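Here the structure comes first, spelled out in C-alpha cells, and everything after it is commentary.
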Amino acid sequence: MSQSVQFIGALLVLASCLPARLGRLAPGATPRLWLRFVGASLITMDAFAEQQWGFLLLGGACALYALVGLVDWARGRPSAGREPA
C-alpha cells in the first residue's frame with residue numbers, strides 16, 4: 001500500500017508541473033497548487049507512517065508552500081506569479 005500511495009502522490013506533484021512547463025497554467029495557478037498540495041500531503045502522510053524522515057521533510061515543505069498559496073488565493077490575494085516549491 002505504501003508504494004502505491006507514494007506513487008499517486010508523486011504523480012500528482014509531477015502533474016502540477018506539466019501545465020506550467022507547457023505554458024497552459026501560471027506557476028501560481030490554483031489548480032496547480034491543489035494538485036501539488038494533495039500530492040505532497042499524500043507523500044508526507046505516508047512518509048510519517050513509514051518513518052522516512054527525509055521524505056517527510058521534503059513532502060511537508062512542498063505541501064506547506066502550496067498551502068500558503070491556497071490560503072492567499074482564499075483570501076483574495078493573487079500569488080503574483082510565485083513559483084510554488
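The values are calculated or read from the model by the stated rules, or taken from the named source; none is laboratory data. The shown structure was predicted, so the numbers you read here are calculated from the model rather than taken from an experiment. Areas reflect the complete protein model, heavy atoms only, side chains present, ligands, DNA and RNA absent. Shrake-Rupley method; radii C 1.70, N 1.55, O 1.52, S 1.80 Å.
Gain on full extension, evaluated as 0.36 nm per residue between ALA15 and PHE48 minus their Cα-Cα distance, stands at 9.6 nm. Using the Cα coordinates of the chain, the gyration tensor eigenvalues translate into equivalent-ellipsoid semi-axes of 24, 14, 9 Å, sorted from longest to shortest. Taking the helices alone, the chain has a mean residue ellipticity at 222 nm of -25000 deg cm²/dmol, built from -39,500 (n - 2.57) per DSSP H run of at least 4 residues and averaged over all its residues.
Do you know the relative contact order of the chain, to the nearest whole percent, from alpha carbon pairs under 8 angstrom that are 6+ apart? Don't jump to the answer; show the numbers that get you there.
On the way: 106 pairs, mean separation 27.0, N = 85.
It comes to 32 percent, rounded to a whole number.
What number comes out for accessible area per residue over the chain if the probe is 1.4 Å? Units Å², please. Before the final figure, lay out each step's value.
Working: 5470 Å² over 85 residues.
I get 64 Å² per residue for the chain.
Carbon-plus-sulfur accessible fraction, the chain (probe radius 1.4 Å, protein heavy atoms only): 72%. The long axis of helix 53-74 is offset from the longest Cα principal axis of the chain by roughly 30 degrees.
Using just the C-alpha positions of region 30-74 as equal point scatterers, what log10 of I(q)/I(0) does the Debye formula give at each q in 0.15, 0.19, 0.27 1/Å? Per q value, in the given order, log10 I(q)/I(0) is -0.34, -0.50, -0.82.
Relative to the longest principal axis of the Cα atoms of the chain, the long axis of helix 2-21 makes an angle of roughly 20 degrees.
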